[in-house]
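Input: a single structure, listed below in structure tokens.
All of the numbers you see were taken from the coordinates with simple rules; none came from a lab. The model shown is predicted, which means the values in this text are computed figures rather than measured ones. Cβ: placed from backbone, ideal geometry, glycine included. Neighbour counts: every protein chain shown.
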């Protein structure tokens, strides 16, 4: 296992076991860079995941594509026919 693979595996464990427990976040090695994808429940959570990724993989090229799930209530009533 390469050093990059080890660091990515450690990051995956931190994301899965930490207070975020974001198991829906995927961290994948692509050549010399790392891709972080997934859906998180809030902008705060997205920022926290990005912070953890930046700390753990600070000297690697990382592409983050995290989407915030919209869980807001509708702004108008639904009409039923």
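Data table
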| item | result |
| --- | --- |
| Out of 46, 12, sole residue that is free of Cβ contacts under 8 Å to residues at least 24 places away in the same chain, touching a strand residue (DSSP E or B) at 6+ places or on another chain (Cβ under 9 Å) and surrounded by 17 or more Cβ atoms within 10 Å (Cβ to Cβ) | 46 |
| Failed item in (1) within 10 Å of the chain's Cα centre (by Cα); (2) surrounded by 10 or more Cβ atoms within 10 Å (Cβ to Cβ), with residue 65 passing the rest | (2) |
